[in-house]
Amino acid sequence: MQSLSNLEGISINMNKDLLIDVLENSALNSTQQILHHFNKIVPHWFLSLWFSKEKGENDTDYKKRMYISSQTFENECMYALYDEER
């Protein structure tokens, strides 16, 4: 998170709405890459503890199954994943 702070000039006590605005509207490729990592990759890695890839399952089908299963909190997972249209 320090790298985002340095890149965008944000502080730890910045207003939440302003922080979201700065990050969502950043033109910096580095910022977008960091946000993509935390938004798209980390949640899937964490939920893989609840949803193992099945034998013969391709990545696309695995991701779809993880989304659907998480939305019903199958295996008592901690959160649900939803596709975000942008």
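The values are calculated or read from the model by the stated rules, or taken from the named source; none is laboratory data. Source: prediction; values computed, not measured. So basically every Cβ, Gly included, is an ideal-geometry build from the backbone, and we count neighbours across all protein chains shown.
Quick notes
- Extreme residue, modelled with the lowest pLDDT, among residues of segment 1-18 that are out of contact with any helix residue (DSSP H, G or I) (no Cβ under 8 Å at 6 or more places or on another chain) and in a helix (DSSP H, G or I): GLN2
- A single entry from SER3, SER52, SER30 fulfils the requirement of being without any contact (Cβ under 8 Å) to a residue 24 or more places away in the chain and not aromatic (Phe, Trp, Tyr): SER52.
- Which listed residue is part of a loop (DSSP other than H, G, I, E, B), surrounded by 11 or more Cβ atoms within 10 Å (Cβ to Cβ) and either in the same structural domain as GLN2 (by TED's automatic domain parsing) or out of contact with any Gly (no Cβ under 7 Å at 6 or more places or on another chain) (or both), from PHE38, PHE51: PHE51
- For ASP21: the one exception among (1) at pLDDT below 90; (2) not in a loop (DSSP other than H, G, I, E, B): (1)
- Residue under evaluation PHE51, criteria (1) of a type outside the set (S, T, N, Q); (2) modelled with pLDDT of 90 or more; (3) over 18 Å from the mean Cα position of the chain (by Cα), criterion not met: (3)
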